[in-house]
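The values are calculated or read from the model by the stated rules, or taken from the named source; none is laboratory data. Please read these numbers as outputs of a predicted model, since none were measured by experiment. Reconstructed Cβ throughout: ideal geometry from the backbone, glycine too, with neighbour counts over all protein chains shown.
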Amino acid sequence: MVTDPRLLVTVRLNDPQEKALGRLLEGVPWVHPPRDAPGPWPTVEAVLTGVPSRELPALRPELLPRVRFVQRVFTGLDGFPFALFPPETRFAGNVGAYAVPVSELALTLVLALAKSLVPDHQSALAGERGPLDRRRISLKGRRALILGYGAIGRELAPKFRALGMSVDGLSRSGEKDAALDRLYRPSERLEALRGADVVVNVLPLTRETRGFVGAPELEAMGPRAILVNVGRAATVDPEALVAHLRRNPGFHVGQEVWWDEPGGFGRFTPTASLADFPGSLGTPHVGGFVEDAYDHALASACTNLARFFRGEVPLHLVDPREYASA
């Protein structure tokens, strides 16, 4: 038992992961208490966590009086219990840690929808060829738009380029790169959406992005676009989406994220069921859970923690006020 730990770890680690943490944070004493540990941890300065209310239910601000930095092993911070930590604490999500597998899933959903893979699969199971005029499109020469262009977008854009597509992005940061033809600001979203054949939503859920894609945005996409959401479900208005699907049977939707997902990763029932729409395809928020992904995410989180312990400013800090009503 470490007597004067500087780091509190609430996530579960196996033996190789513990050794990796020790290498990446060499010289930083850390503690991984049992789930029912009452604390306190008066010497702890930083926390590595996933879902703290589940991993350490006894956690309260007064148990961590010296904590100044919390690093989450997952990416998003919507719904995160900021109030469990002292008011002076800074927070960071694990930005980019799952970018590669999530971008691959986004591309998979786009291709599956473009090729009508699911209905053609059902035809094959029935021993039928299926209608030859079922809509199947080639992506070469089409235009893709990535909403929330960041780490995932930077992985996804070259993949679209390799298919012969043009690629635009939308981001509040304004950090355009060579993979994009054009970068739009959030205030220009209707202009950005018009004429997009494929829209991939990678937006985080904040007060500003809740309902970012509503009826006007869906109308701007038109009746035959492909919309894939690997960001957060609540950035899209579910009622507007269902209404748009009912009016436009040629509109295709791929959902990796859902409107009523529980924070503890339990069972969920999608609020806006897409089962009634043949042009829809869903996955149960598993895009980041590929082989070795957690090891990579842990290394990424520890690298940012190392910055903190060296006295440097950690990367990807967020303002909790942006998430207060998310």
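Picking from residues in the stretch 13-44 that are within 22 Å of ALA83 (Cα to Cα) and within 27 Å of the chain's Cα centre (by Cα), the one that is modelled with the highest pLDDT is HIS32.
Looking only at residues in the stretch 275-317 that are part of a loop (DSSP other than H, G, I, E, B) and touching a strand residue (DSSP E or B) at 6+ places or on another chain (Cβ under 8 Å), the one that is nearest to PHE82 (Cα to Cα) is HIS316. Contact map, the stretch 62-76: residues that are within 15 Å of ARG90 (Cα to Cα) and assigned by TED's automatic domain parsing to the domain that holds THR303 paired with residues that are part of a strand (DSSP E or B) and among the aromatic types (Phe, Trp, Tyr), Cβ distance under 7 Å, separation 6+ or inter-chain. Pairs shown: VAL70/PHE91.
Of the listed requirements (1) in contact (Cβ under 8 Å) with a residue 40 or more places away in the chain; (2) surrounded by fewer than 16 Cβ atoms within 10 Å (Cβ to Cβ); (3) on the phi > 0 side of the Ramachandran plot, ARG135 misses just one: (3). Is it the case that some residue within the stretch 160-173 is charged (D, E, K, R) and farther than 18 Å from LEU77 by Cβ? Scanning the stretch 160-173 turns up at least one residue that is charged (D, E, K, R) and farther than 18 Å from LEU77 by Cβ.
Restricting the stretch 274-304 to residues that are touching a residue at least 12 places away in the same chain (Cβ under 8 Å) and within 15 Å of LEU245 (Cα to Cα) leaves a set whose member that is surrounded by the fewest Cβ atoms within 10 Å (Cβ to Cβ) is PRO278.
Among the residues of the stretch 151-202, those identified as under 20 Å from VAL95 (Cβ atoms), of a type in the set (A, V, I, L, M) and either assigned to a helix (DSSP H, G or I) or out of contact with any strand residue (DSSP E or B) (no Cβ under 8 Å at 6 or more places or on another chain) (or both) are ALA151, ILE152, LEU156, ALA157.
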